[in-house]
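Remarks on the structure that follows.
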């Protein structure tokens with residue numbers, strides 16, 4: 001199956017999973033908007049907006065964790081489901097984000113709560129047991145696991161559990177449909193490497209190509225500075241919904257333009273790999289600090305020629321030498 005055809009299959013699985021989770025609802029809330037320079041978070045957000053729009057579901061309330069107001073959510077969305085944005089923050093790696101998910105589940109026992117496609121990392125059985133208790137206290141929780149190990153780890157939680165690809169497979173953007181014919185001249189190689197809590201810790205000093213992270217892109221950096229300033233203001237819920245959409249769109253635009261300048265990508269960022277796949281760029285994929293990236297790739301990319309896994313820089317160099 002070609003990459004284009006496989007992309008269509010995965011996008012259909014995403015839409016089907018979301019459609020089943022929201023049911024016949026005409027309106028919903030989405031919480032845990034990530035105000036960060038991470039293009040992956042922005043791409044997830046844009047894809048969520050696009051999928052819900054295609055299903056005829058209006059987004060009536062949006063909030064990052066720090067802006068979340070339960071009373072405002074109830075006022076803006078009277079009875080629709082509450083969706084928690086997808087990503088890789090379920091479990092103990094990002095404790096504040098995980099605690100926010102537990103808070104939403106606990107504070108809305110009368111609403112369906114849907115956790116959109118997530119990777120989970122619990123560093124102990126006790127931590128998973130605590131989360132299980134929170135989920136068990138709620139009558140209607142759906143969790144979408146975006147990789148097989150997450151699905152297996154969460155078995156027995158007592159909620160609706162399914163395997164659904166990352167939301168970004170359903171992303172629509174003009175730069176994803178551009179012909180990637182080979183360019184003349186030397187290969188342009190991007191090392192897109194993370195510099196946060198999930199960085200794998202190995203020192204990489206590329207001999208060939210350029211090293212960057214998402215935050216190096218100018219518009220992404222400016223959007224994050226705008227977030228910091230707006231965090232000190234009170235913005236009505238509807239305007240915050242529109243602003244979240246605008247900022248996510250700008251970050252995705254800038255991130256895709258950044259990738260489109262290159263012929264090949266080496267990355268330890270999951271969405272660096274995923275967006276490279278969607279753009280038709282060959283990508284060598286290193287893992288992050290706790291295995292999230294390779295877990296995902298082994299779930300969805302086993303038969304994809306454009307994605308190659310590498311465990312260290314030596315293996316990356318071997319792949320580059322053959323390319």
Number of the exception - residue 73 against (1) surrounded by 22 or more Cβ atoms within 10 Å (Cβ to Cβ); (2) over 23 Å from residue 165 (Cβ atoms); (3) under 17 Å from the mean Cα position of the chain (by Cα)
(3)
Can you tell me which residue among 294, 271 is closer than 30 Å to residue 76 by Cβ and at pLDDT 95 or above?
271
Output the residue which, of all residues in segment 258-276 that are part of a helix (DSSP H, G or I) and in contact with a helix residue (DSSP H, G or I) (Cβ under 7 Å, 6 or more places away or on another chain), is nearest to residue 33 (Cα to Cα).
271
Residue check, residue 93 against (1) over 23 Å from the mean Cα position of the chain (by Cα); (2) assigned to a loop (DSSP other than H, G, I, E, B); (3) under 24 Å from residue 46 (Cβ atoms), all met but one. Which one?
(1)
So, of the residues in segment 257-290 that are under 17 Å from the mean Cα position of the chain (by Cα) and free of Cβ contacts under 8 Å to residues at least 60 places away in the same chain, which turns out to be surrounded by the most Cβ atoms within 10 Å (Cβ to Cβ)?
273
Filter segment 147-163 for residues that are crowded, with 18+ Cβ neighbours inside 10 Å and free of Cβ contacts under 8 Å to residues at least 24 places away in the same chain; the one that is nearest to the chain's Cα centre (by Cα) is 151
Got a number for residues in segment 112-131 being under 20 Å from residue 51 (Cβ atoms) and either part of a loop (DSSP other than H, G, I, E, B) or in contact (Cβ under 8 Å) with a residue 40 or more places away in the chain (or both)?
5
So, of the residues in segment 21-51 that are in contact (Cβ under 8 Å) with a residue 24 or more places away in the chain and more than 16 Å from the chain's Cα centre (by Cα), which turns out to be farthest from residue 247 (Cα to Cα)?
23
Provide a single number: the residues in segment 164-183 that are touching a residue at least 24 places away in the same chain (Cβ under 8 Å) and not in a helix (DSSP H, G or I).
10
Specify the residue that is nearest to residue 299 (Cα to Cα); the eligible residues are those in segment 140-155 that are in contact with a helix residue (DSSP H, G or I) (Cβ under 7 Å, 6 or more places away or on another chain) and part of a strand (DSSP E or B).
145
Output the qualifying pairs, or none if there are none: Cβ atoms under 9 angstrom, residues six or more apart or on different chains, first residue in segment 89-103 and under 12 Å from residue 34 (Cβ atoms), second residue exposed (fewer than 15 other Cβ atoms within 10 Å of the Cβ).
89/96; 94/197
Considering residues of segment 33-61 that are in a loop (DSSP other than H, G, I, E, B) and in contact with a strand residue (DSSP E or B) (Cβ under 6 Å, 6 or more places away or on another chain) only, the residue farthest from residue 170 (Cα to Cα):
33
Might you let me know whether segment 67-81 holds any residue that is assigned to a helix (DSSP H, G or I) and under 29 Å from residue 196 (Cα atoms)?
yes
Going by the structure shown, is residue 305 surrounded by fewer than 23 Cβ atoms within 10 Å (Cβ to Cβ) and either in a loop (DSSP other than H, G, I, E, B) or modelled with pLDDT of 95 or more (or both)?
yes
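The values are calculated or read from the model by the stated rules, or taken from the named source; none is laboratory data. In this text, all values refer to a predicted model and were calculated from it rather than measured experimentally. In this analysis, Cβ positions are derived from the backbone assuming ideal geometry, glycine residues included, and neighbour counts consider all displayed protein chains.
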